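Q: First the structure, then my questions, so here it is.
Values quoted throughout were computed directly from the atomic coordinates according to the rules given, and no laboratory measurement underlies them. No experiment lies behind these values; they were computed from the predicted model shown. Note that we place each Cβ from the backbone using ideal geometry, even for glycine, and neighbour counts take in every protein chain shown.
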Amino acid sequence: MVDLFRVRGGNRHDWLFHGPSGELTLDGTVLSDPAKGTLAGPGVEFGAVKEGMRPYDVLNSGYQYLFDVKTGRADTPVSAVWTMPDGLRFRAVFVPEGEETFIRASGYPRPATKSLPAIPFLVRRHDRSQSGESRFATVMSTGRDTSVITSVR
């Protein structure tokens, strides 16, 4: 499957993705050590919501629910492979448009339910000095042995 996603307007464009809860391996970027706080900022605690804002308010980014934030840069494809207990693999190849920030964070499928295991969230970020368009391309596949995808560019 090929996913093409375009964003226009604003100065920061984020594309978020989370796969299944299987073991995740990444190839194609070097990530930092975990940052303090959440994706909403180093001083923002998990689940913190601005005073007077409802948790599911349209102005609430939800980034305060993503923790263990690690960042890196990528200008070549980044491959993510989730391996399920039964051996099935889900692979996503993220094809950057120029250089982009690549973020790995942890979160819960339902932020209010921390009883489930945390799952990895992957974020691709474009910061634009002027309003512009971002294009995010991703190629995804599943399989048990070798990938049906031989290369992506």
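Q: Which whole-Hz ³J(HN,Hα) couplings does segment 89-98 yield from phi under the Karplus relation 6.51 cos²θ - 1.76 cosθ + 1.60, θ = phi - 60°, glycine and proline marked x?
A: 10, 10, 10, 10, 10, 9, 9, x, 9, x
Q: Once the dipole of segment 2-143 is set up with Lys and Arg at +1 and Asp and Glu at -1 on Cβ about the Cα centre, which of His126, Thr29, Met53 lies farthest towards its positive end?
A: Met53
Q: Between Arg73, Arg12, Arg89, where does the largest GNM mean-square fluctuation fall for the chain, given springs only between Cα atoms within less than 10 Å?
A: Arg12
Q: To the nearest 20 debye, what charge dipole does the chain have about its Cα centre, counting +1 at the Cβ of each Lys and Arg and -1 at the Cβ of each Asp and Glu?
A: Details: 19 positive and 17 negative charges, 47 e Å.
Charge dipole, the chain, about its Cα centre: 220 debye, nearest 20.
Q: Can you report the principal axis dimensions of the chain using only the alpha carbons, biggest first, rounded to whole angstrom?
A: Cα extents, longest axis first: 50, 42, 27 Å.
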